[in-house]
Every structure is written in C-alpha cells, then in structure tokens.
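The values are calculated or read from the model by the stated rules, or taken from the named source; none is laboratory data. Predicted model, so just to flag it, every value in this text is computed and none were measured. In this analysis, Cβ positions are derived from the backbone assuming ideal geometry, glycine residues included, and neighbour counts consider all displayed protein chains. Remember, those area values only see protein heavy atoms, side chains included, never the ligands or the DNA or RNA. Shrake-Rupley method; radii C 1.70, N 1.55, O 1.52, S 1.80 Å.
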Amino acid sequence: MSLSEMATHELTQPAFDYITTESYRKLLTNDHEELEKCLSSGAWKAALVLAGSIVEALLVEHLEWVGTKKGEKSPHNMTFDQAIDACVGAKQLSETTGKVCGAIKDYRNLIHPGRILRNKGTAPDQSNAMISAALVTKIAGEISSVRSAQSGLTADQLLRKIETDSGCMPILVHLVRAMRQSETERLIASVLPDAYTKHSLDDSLYLVDRSVLSRISGAYRLAVEQSPLAIKQAAAKQFKDLVHDGAEAEIMLFSEAFFRPADIEHLESEDRSIVIDYLIGNVVGRTDGDFRQTQGLARFLSPEQVGGWLSASLKQVLTSEAMPNATQYLTFELPTLPEDTKPKATAHLKQLARAHKSRGNTKYQSTLTELMEWVDFPF
C-alpha cells in the first residue's frame, strides 16, 4: 500500500479501553478520530500535532495511574521529555518504546517554522505524519499490556474479550478474579448492562449473534458471584431501583439477563417485598415453561405472597405444553418455603384441589394433591 493509499485508509483504532476514566477515554478517542480525518485530508502538520498530543496525554494519564511519591513532580506539570523519562525510569515503558515516544516528540517539533528554517529541517509531510499516527497505536498497546499485567483487565477490556472471543467463558473466572474491585463494580453496575442493551437492539435488527448476549449475561452472573458482599448488595439494589423507577422494557430486559432470585438475599426487607411482588406479577406467570428466572424464589416468600406465587405458577401447570416443567419447578420450590409460609401454601393447594374435584377435573386434582405432599418434604 502506498503512502497516499495509507493516508486515506482507516487507521487501526488504538485500544484506549484500559483507561478507566470515561471522560479521558472519550477525549482520546475523539482526538484519534480527528487524527484520521487530518490524514485523509492531507493535513500533515495538524496530524503531527494531534499524534504528539495523544501520546503525551497517554503518558501523563499512565503516570497518574501509577501514582507519584511524596516530593515528586506531578505528571501534569511534566514536559513531554520528563514524562517519557519518568515512564521509562519506573519501568512502565521499555527503553525502545521510550525512544519511539521521543521520535513522535521530534516529529511534532517539525510544526515550528522557525526551527525548520534555523536547522534546515524537513517540513511536516505525509511520511512523518503516517509514521507518527502508526506509533500512537504501538504506544497505547504497550501501556495497555503493562496495565493489564499489573492490575488485570479493565471492565471495558473484559467486555471486548467477551464480545470478540466466543471461547472465553471457561477462563472468565480467572480474568474476573484478577480485576481491581473498582473495575468489577463498574463491570456489574454499567458496562455489562449497557452492552447487553446495545446488543439487544442490534439483535432485533438481526445484526448480532445471540451467543454474545448469552456470554454477557453469563459474565454478569459470574462477576456477581465472585464479588464481595457490598457489590452483591449494590447489584441487587440496582434491580430494585429499576423496578421502582424504570420503564417496563428496561426492567424485563434486566430481569431476563441479569437478576436472579438468589440476589434477593442481599436486599433489605422492604426492598425484598417490592422485587418479589414484581416477579410474581410479571415474571412467574409469563415463563412459558422456562422457570430459570424464578428458580429459588420460594424461600423468600412471606405468607401473604405465597398465594399469588402459587396462582401464577399453577397457571403454567394447567397449560399442557408447560405442565411438565411447571410441575417439576414447583416440586423443587415448595420444600424450600419458609416454615411460617408452608401452612398457607398447603391451604391454597387444598382449596384448589377441592374446587377441581367438584368440577370433575380429577387429573388436576391429583396433580395438586401430589404438590401438597412436596410442601412438607424434608429439604
């Protein structure tokens, strides 16, 4: 490919997803997009300015992440040369990459007309602009690798892995364990839910493999299970807040992809009631034979709630297509009811059994009688 073709060819977007500050990451992404436009329009001097600016910002951001010792100069007050030396000196960059950063600084200095005239240097041209742009990607890649080795992947890097590697699930537990807690929290609170929403929209337009949605959902559950109690509580409360304030489509999507009844354990009493009532009214009766979203709900039911749960579940039992799964679901759930809830459950089932007997529905009467026996099954 010739230089002129390279200038109009889209550059490889550097992976800035190791940067956890969204505003900083967005700023760098926007600058790189502008760099691409400069190259495609032949604005070589502007391209050199942007390439140098991006690299300097990458070094300063990384030094901030590393942290400074007492008495050391703040990265924001360093010159370009000082930032390069600090990164190499702290072994955050190899000496080779440090020299690459220096080359970009030298290329950027070509923008000064006086310096070109005094030193009879080369004016900014297509060649040095293209080289500088390519080196931005190399430098960002090395910093990303250094960061990952020291603190694991960021939430955005893990998402990229999930989206692009269909075989990532077996190793995901190791990747999550290696993450900083703050990144795990961000992964659960926003990165995975936002990605699932985006891909769900793409899926409605037939633009994505549904296996991506499955991996995002699975990664969320794995991350929650690996997290400390405080993050588990925050994740559960996020769903409760969504139930309280969110739109129907958002709640259903989150319920389907992420929330599971086991998470109710991490909610306060009043919040539990809100979530349980929502699940009974909107999920239990709409499972169409798939009860994965409501497995484990019974152990949290109060005497006041068990009747509604049974009514919603038994609608599935009375549907021939869903009956086997619904019956199996109830045989697993009924023994786990709290002791103070079991009498209400038994009375509800007994009342329904009598009603079906009086109507001559012996098949359903028999099923309900069998279910009554599961209420007191030793669990």
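Before moving on, here are some points about what is shown:
- Compared with the dominant principal axis of the Cα atoms in the chain, helix 22-41 is inclined by about 50°.
- Alpha carbon centroid spacing (whole Å) that separates the range 246-276 from the range 148-180: 26
- Distance from the range 33-106 to the range 325-353 (C-alpha centre basis), Å: 65
- Shape of the range 207-316 from the C-alpha gyration tensor: oblate (a/c of 1.5 or more and a/b not above b/c, with a ≥ b ≥ c the square roots of its eigenvalues).
- Rolled with a 1.4 Å probe across the full set of protein chains, the surface gives residue 174 an accessible area near 110 Å².
- The length gained on full extension between residue 359 and residue 340, counted as 0.36 nm times the residue separation minus their Cα-Cα distance, comes to 3.8 nm.
- Cα gyration tensor category, rounded, prolate or oblate, for the range 291-379 with a/c compared to 1.5: oblate
- In the chain, the portion of solvent-accessible area held by carbon and sulfur atoms comes to 52 percent [1.4 Å probe, whole percent, DNA, RNA and ligands not counted].
- Degrees separating the helix 362-375 axis from the principal Cα axis of the chain, which is the longest one: 70
- Ordering 199, 244 by accessible surface, largest first, gives 244, 199; the 1.4 Å probe counts only protein heavy atoms, with every chain in place.
- Ligands, DNA and RNA are left out, and with a 1.4 angstrom probe the accessible area of the chain is 51 Å² per residue.
- Cα long-axis angle, helix 44-66 against the chain (0 to 90 degrees, to the nearest 10): 60
- In terms of its C-alpha gyration tensor, the chain comes out prolate, because a/c is 1.5 or above and the ratio a/b outweighs b/c.
- Near residue 235, once Lys and Arg are set to +1 and Asp and Glu to -1 for all other residues with Cβ below 13 Å from its Cβ, the sum equals 0.
- Greater than 18 Å apart at Cα, pairs in 315/350; 99/138; 315/342; 240/315; 45/105; 69/91: 315/342; 240/315
- The chain: relative contact order in percent, alpha carbon pairs under 8 Å with at least 6 residues between: 11
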